[in-house]
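The values are calculated or read from the model by the stated rules, or taken from the named source; none is laboratory data. What you see is a predicted model, and the numbers here were worked out from it, not measured in a lab. Don't worry about glycine lacking a Cβ; one is built from the backbone with ideal geometry, like all the others, and counts go over all protein chains shown.
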Amino acid sequence: MRKQNLDNPWVSYRWVPKEVLPDFGQFNSKQNNPISGQFLGRDADGESWLFTGYELGLFPDEAEGYYLNVSAATPAWFVMWRLEEDVERYIDEQSIGLAKSEATLAVPHRICVSYNEAARLLDGGESVDTIPMSDEHASWLQEYVNDNYRPEPKKRHKPASFKGAERPAED
């Protein structure tokens, strides 16, 4: 996550997801708490935080949402995040002091690749942002779609003119 400084009289910064990286064991995630955040650094434009401990599962009943994602101009990761006040359970010990210096901290809670799932989260009032997917990840998702997505057959609807008039019976 990135806390970007803004030149705005009403808001001094905004939170945005910066990148989604696969974890092949290079991140030392806490075992007792799946989500673990740590401060990475600060520069003139803001500060960066790394959160680990997410699992991405693909499900056949979400295949249409995956298809909608990979068929878009730019396939994306969908990151659902919340501003949290109780940060102790999400932040590692070395970064807790810095995290508590603010009233809230943006914590990602879910990462998905289904357009439909992201839409449901947005409909539920959650904050969901997108991050462009690399070509490598998009091709991985495309393979899953090729193996699991079968579009619903289109149903032909009869035009109203062929259904007959619905007139009251004459006496």
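Miscellaneous remarks
- For the residues A76, A118, A72, the requirement of being small (G, A, S) and in contact with a Ser or Thr (Cβ under 6 Å, 6 or more places away or on another chain) singles out A76.
- Those residues of the range 116-137 which are more than 21 Å from L83 (Cβ to Cβ), aliphatic (A, V, I, L, M) and in contact with a strand residue (DSSP E or B) (Cβ under 6 Å, 6 or more places away or on another chain), in sequence order: M133
- Filtered residue count, the range 46-104, keeping only those that are among the hydrophobic types (A, V, I, L, M, F, W, C) and farther than 24 Å from P22 by Cβ: 6
- Residue in the range 73-90 that is at pLDDT below 95, surrounded by 13 or more Cβ atoms within 10 Å (Cβ to Cβ) and of a type in the set (G, A, S) present: no
- Count of the range 99-135 residues which are free of Cβ contacts under 8 Å to residues at least 40 places away in the same chain and surrounded by 18 or more Cβ atoms within 10 Å (Cβ to Cβ): 0
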